[in-house]
Amino acid sequence: MRVPRMIAVALAGAAVLAPTAACSSDDPPPAGKPQAGAAEPSAAPTPTPEPTHPFTGLPGAARRPVLAVKIENTSAGKPQLGLRSADIVYVEQVEAGLTRLMAIFSSKIPAKIGPVRSARISDLHIVPQFGKPAFAYSGAQTKMLPIIAQASLFDVSDSRAPGAYFRQPGRVAPYNLFANTRQLLAKAPSASKAKDVGFTFGDAPEGGVPRKAYTVKYPAARFTFAWSQAAGKWLIWQDGEKDMAAEGGQLGAPTIVVQYTKTERSQFHDKNQSYTPLVHTTGEGNAIVLRDGQAFKARWSREKEEDGTVFTTPGGEPMNFAPGQVWVVLASRKPVIP
């Protein structure tokens with residue numbers, strides 16, 4: 001019988017393929033003999049850690065410009081706007097034993113900030129560790145203006161960038177001056193971007209002492225930092241009152257650093273002849289680091305103003321901070337007499 005042409009072709013193709021199919025058997029090869037042509041198993045690649053921000057230790061590779069802002073810190077100026085977005089908040093003693101804040105923004109910059117107040121000599125010794133940031137403030141003593149002009153910063157004060165500032169309705173002067181951050185940074189296009197300032201983040205070291213609260217006293221101000229397990233941060237009270245944010249909620253941070261410094265009278269004073277304190281933030285000294293509901297003894301050191309501030313354990317190991325916002329409370333064990 002004659003085989004149809006299509007069937008004959010199919011049978012011929014099967015005959016050609018049969019030997020090849022036999023070479024790819026599903027049977028496992030003998031032990032110790034790798035299957036011919038099989039790739040050797042390779043170890044799983046080690047994931048690359050996501051970059052973190054040098055000011056907060058939180059994930060984020062972007063390095064944006066640094067904006068430093070001088071913020072009012074008396075009851076007349078509260079609640080402040082924008083502090084919740086700051087990477088670092090410095091508490092500095094000023095005239096008459098009161099305090100003022102300098103907030104450092106980079107990883108997250110709010111649209112508006114305030115009340116913006118005048119600069120102090122201690123500010124000019126803190127900012128060089130950030131390179132040459134944009135510095136927002138409202139006025140300064142006449143004798144300080146030449147020093148500001150030579151300082152490592154871009155001046156975006158209300159006199160240099162007037163269009164960035166506005167008076168907030170419902171507030172009383174001088175506690176009603178606020179600023180638009182986008183316009184401030186537009187006036188400082190070459191402001192330094194965030195870089196390492198000495199902070200390290202990670203697991204807490206050994207040696208912490210459980211604390212529910214820690215209080216720092218100034219001649220005319222008092223701060224209490226109370227641990228909230230639910231919030232995962234130290235909530236802030238000032239002069240016995242909750243320190244509230246204008247955006248809502250109580251201010252607080254995962255890490256509070258109480259940096260004990262030498263504080264003395266400067267050459268400057270206010271209109272009431274009350275001397276301006278000079279806070280020395282170079283050199284070395286003791287600190288208390290609050291994190292995770294514990295207090296840790298630490299040491300701080302900063303050789304030059306261009307250097308960051310390094311915090312270590314008493315044994316010399318890095319004093320890790322908890323990721324997130326950091327408050328640096330510049331305190332003196334011997335308060336300056338105003």
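The values are calculated or read from the model by the stated rules, or taken from the named source; none is laboratory data. Since we're looking at a predicted model, the values are computed, not measured. Cβ: placed from backbone, ideal geometry, glycine included. Neighbour counts: every protein chain shown.
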Identify all residues within the range 129-159 that are among the small types (G, A, S), outside any loop (DSSP other than H, G, I, E, B) and under 14 Å from A194 (Cα atoms); write none if there are none.
A134
Selection from the range 160-173 of residues that are assigned to a loop (DSSP other than H, G, I, E, B), without any contact (Cβ under 8 Å) to a residue 40 or more places away in the chain and either on the phi > 0 side of the Ramachandran plot or not hydrophobic (A, V, I, L, M, F, W, C) (or both):
R160, P169, G170
Would you mention how many residues in the range 247-273 are buried (at least 19 other Cβ atoms within 10 Å of the Cβ) and within 15 Å of V89 (Cβ to Cβ)?
9
List pairs: first residue in the range 316-329 and touching a residue at least 24 places away in the same chain (Cβ under 8 Å), second residue among the hydrophobic types (A, V, I, L, M, F, W, C) and outside any strand (DSSP E or B) anywhere in the structure, Cβ distance under 8 angstrom, at least six positions apart or on different chains.
N320/A204; F321/F199; A322/A204; P323/L58; G324/L58; Q325/A86; V326/F55; V326/F199
Just the residues that are polar (S, T, N, Q), assigned to a loop (DSSP other than H, G, I, E, B) and out of contact with any Gly (no Cβ under 7 Å at 6 or more places or on another chain), please, taken from the range 92-119.
S106
Enumeration of residues in the range 207-263 that are part of a strand (DSSP E or B) and acidic (D, E):
E241
Farther than 27 Å from A186 by Cβ, surrounded by fewer than 21 Cβ atoms within 10 Å (Cβ to Cβ) and at pLDDT 50 or above, is that true of P30?
no
Restricting the search to the range 264-297, which residues are part of a strand (DSSP E or B) and free of Cβ contacts under 8 Å to residues at least 40 places away in the same chain?
G283, E284, G285, N286, A287, V289
Given the conditions (1) farther than 24 Å from W327 by Cβ; (2) surrounded by 21 or more Cβ atoms within 10 Å (Cβ to Cβ), which single one is not true for L153?
(1)
Do you know which residues across the range 46-95 are at pLDDT 95 or above, among the hydroxyl-bearing types (S, T, Y) and under 17 Å from the mean Cα position of the chain (by Cα)?
T56, S85, Y90
For the range 130-139, indicate whether the set of residues that are crowded, with 23+ Cβ neighbours inside 10 Å, touching a residue at least 12 places away in the same chain (Cβ under 8 Å), farther than 23 Å from Y165 by Cα and under 19 Å from the mean Cα position of the chain (by Cα) is non-empty.
yes
The lone condition V89 fails out of (1) under 11 Å from A221 (Cβ atoms); (2) part of a strand (DSSP E or B) is (1)
So how many residues does the range 175-206 have that are part of a loop (DSSP other than H, G, I, E, B), touching a residue at least 60 places away in the same chain (Cβ under 8 Å) and over 24 Å from E306 (Cβ atoms)?
6
